[in-house]
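Asks: Can you read through this structure? Questions will come right after.
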Amino acid sequence: MTDVRQLAAKLNQEIAEQLTKTLQAMPEDKLSWQPLGEGRSALNQAAEIGFINGFMAQIVADQAVPEFNRDEYMRTRNETDTLHAALALMGENTDKLVTACKGLPEEKLDDTITLPFLGGMKKALAEVMLMPYWNMTYHLGQINYIQTLYGDKEMH
């Protein structure tokens with residue numbers, strides 16, 4: 001059976017690469033476009049992914065939860081305003097996440113931590129390694145939907 005650490009590293013890396021290709025296929029003027037003037041733009045979502053991947057990488061690497069700074073999170077989402085900046089943040093923090101997943105000691109996989117989301121989610125570190133994959137997959141779907149709204153029906 002595949003080691004969950006290697007699987008988490010592989011899945012996180014692959015979905016980040018797919019997100020990169022998808023974002024690069026978007027016209028520049030559509031990266032910050034907000035459906036109905038209220039939805040989140042593709043660029044805003046990419047910035048979130050970059051931030052969250054860094055946060056989750058730190059959890060896996062340290063086997064502890066750092067303070068979640070909501071102001072820093074919102075500032076990152078709002079100030080990451082170019083494709084280059086978003087892809088750099090996402091790439092750097094995905095690399096950290098992949099390294100942390102591969103380096104987590106096997107005996108720590110079942111250790112439970114409490115995340116600062118939804119009132120305090122209790123998760124094993126093995127689950128935490130896969131949460132960024134879920135988050136990136138979710139946002140890839142949202143970005144694909146934005147693409148269909150401006151007429152791009154091609155799979156990238």
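The values are calculated or read from the model by the stated rules, or taken from the named source; none is laboratory data. Since the structure is predicted, the reported quantities are computational estimates derived from the model, not experimental observations. A quick note on method: Cβ atoms are made from the backbone with ideal geometry, for glycine too, and the neighbour counts reach across all protein chains shown. Heads up: the accessible areas ignore ligands, DNA and RNA and are worked out on the full protein's heavy atoms, side chains in. Shrake-Rupley method; radii C 1.70, N 1.55, O 1.52, S 1.80 Å.
Asks: Just to be sure I understand the filter: pairs with C-beta atoms under 7 Å, separated by 6 or more residues or on different chains, first member in segment 38-51 and farther than 13 Å from residue 81 by Cβ, second member of a type outside the set (Val, Ile, Thr) and not in a helix (DSSP H, G or I). Which pairs pass?
Replies: The qualifying pairs are 40/34.
Asks: Condition first: touching a Gly at 6+ places or on another chain (Cβ under 7 Å) and open to solvent by less than 50 Å² (accessible area, probe 1.4 Å). Now tell me which residues in segment 87-112 satisfy that. Talk me through it step by step, then tell me what you get.
Replies: Initial filter on segment 87-112 (touching a Gly at 6+ places or on another chain (Cβ under 7 Å)): 89-90, 93, 96.
If the condition is that a residue be touching a Gly at 6+ places or on another chain (Cβ under 7 Å) and open to solvent by less than 50 Å² (accessible area, probe 1.4 Å), then 89, 90, 93 are the ones that fit.
Asks: Could you tell me how many of the residues in segment 25-34 are out of contact with any Phe, Trp or Tyr (no Cβ under 9 Å at 6 or more places or on another chain), of a type outside the set (D, E, K, R) and open to solvent by 30 Å² or more (accessible area, probe 1.4 Å)?
Replies: Total meeting the criteria: 3.
Asks: Could you tell me which residue of segment 69-86 is surrounded by the most Cβ atoms within 10 Å (Cβ to Cβ), considering only residues that are of a type in the set (Lys, Arg) and out of contact with any helix residue (DSSP H, G or I) (no Cβ under 7 Å at 6 or more places or on another chain)? If you could, list the steps in order and put the result at the bottom.
Replies: So the first thing to find is which residues in segment 69-86 are of a type in the set (Lys, Arg), and the list is 70, 75, 77.
This time we only want the ones that are out of contact with any helix residue (DSSP H, G or I) (no Cβ under 7 Å at 6 or more places or on another chain), so: 70, 75.
Working: 70: 9, 75: 13.
Going through the qualifying residues, I end up with 75.
Asks: Name the one entry in 80, 94, 112, 99 that is β-branched (Val, Ile, Thr) and at pLDDT below 95. Break it down stepwise before answering.
Replies: On the way: 94 fails: at pLDDT below 95; 112 fails: at pLDDT below 95; 99 fails: at pLDDT below 95.
The conditions single out 80.
Asks: Considering only helices (runs of 4 or more DSSP H) fully contained in segment 1-103, which possess at least 3 residues that are within 15 Å of the chain's Cα centre (by Cα)? Steps first, please.
Replies: Details: elements: 4-24, 28-31, 42-62, 70-79, 83-103.
So the answer is 4-24, 42-62, 70-79, 83-103.
Asks: Give segment 35-67 a look and list any residue that's of a type outside the set (Asp, Glu), out of contact with any helix residue (DSSP H, G or I) (no Cβ under 7 Å at 6 or more places or on another chain) and open to solvent by 20 Å² or more (accessible area, probe 1.4 Å), or say none. Show your work before the answer.
Replies: Initially, segment 35-67 is screened for residues of a type outside the set (Asp, Glu), giving 35-37, 39-47, 49-61, 63-66.
Those left that are additionally out of contact with any helix residue (DSSP H, G or I) (no Cβ under 7 Å at 6 or more places or on another chain): 36-37, 39-40, 55, 58, 64.
Within segment 35-67, 36, 37, 39, 40, 58, 64 meet the criteria.
Asks: If you don't mind, there's one more thing I want to ask. All but one of (1) farther than 25 Å from residue 2 by Cα; (2) in contact with a strand residue (DSSP E or B) (Cβ under 6 Å, 6 or more places away or on another chain); (3) open to solvent by 40 Å² or more (accessible area, probe 1.4 Å) hold for residue 115, so report the exception by its number.
Replies: It fails just one condition, (3).
Asks: Against the condition surrounded by 13 or more Cβ atoms within 10 Å (Cβ to Cβ), among the aromatic types (Phe, Trp, Tyr) and touching a residue at least 24 places away in the same chain (Cβ under 8 Å), how does residue 150 come out, does it pass?
Replies: Numbers: surrounded by 13 or more Cβ atoms within 10 Å (Cβ to Cβ): no; among the aromatic types (Phe, Trp, Tyr): yes; touching a residue at least 24 places away in the same chain (Cβ under 8 Å): yes.
Considered against the rule, which asks whether it is surrounded by 13 or more Cβ atoms within 10 Å (Cβ to Cβ), among the aromatic types (Phe, Trp, Tyr) and touching a residue at least 24 places away in the same chain (Cβ under 8 Å), residue 150 comes out as no.
Asks: Would you check if residue 127 is at pLDDT below 95, over 24 Å from residue 30 (Cα atoms), open to solvent by 30 Å² or more (accessible area, probe 1.4 Å) and not in a loop (DSSP other than H, G, I, E, B)?
Replies: Values: at pLDDT below 95: no; over 24 Å from residue 30 (Cα atoms): yes; open to solvent by 30 Å² or more (accessible area, probe 1.4 Å): yes; not in a loop (DSSP other than H, G, I, E, B): yes.
Judged against the criteria, residue 127 is not a match.
Asks: Could you list all residues from segment 1-24 that are open to solvent by 80 Å² or more (accessible area, probe 1.4 Å) and either touching an Asp or Glu at 6+ places or on another chain (Cβ under 9 Å) or not charged (D, E, K, R) (or both)? Spell out the reasoning first.
Replies: So the first thing to find is which residues in segment 1-24 are open to solvent by 80 Å² or more (accessible area, probe 1.4 Å), and the list is 1-2, 6, 10, 14, 17, 21, 24.
Scanning segment 1-24 gives 1, 2, 6, 24.
Asks: Just name the residue that is farthest from the chain's Cα centre (by Cα) out of those in segment 104-116 that are outside any strand (DSSP E or B) and free of Cβ contacts under 8 Å to residues at least 24 places away in the same chain. So that I can check it myself, show each step before the final result.
Replies: At the first step, the residues of segment 104-116 found to be outside any strand (DSSP E or B) are 104-111, 116.
Going one step further and asking which of them are free of Cβ contacts under 8 Å to residues at least 24 places away in the same chain, we end up with 105, 107, 110.
Details: 105: 23, 107: 25, 110: 22 Å.
By that ranking, first place goes to 107.
Asks: Applying the selection to segment 130-156, what residues are farther than 16 Å from residue 19 by Cβ and assigned to a helix (DSSP H, G or I)?
Replies: Those that are farther than 16 Å from residue 19 by Cβ and assigned to a helix (DSSP H, G or I): 148, 149.
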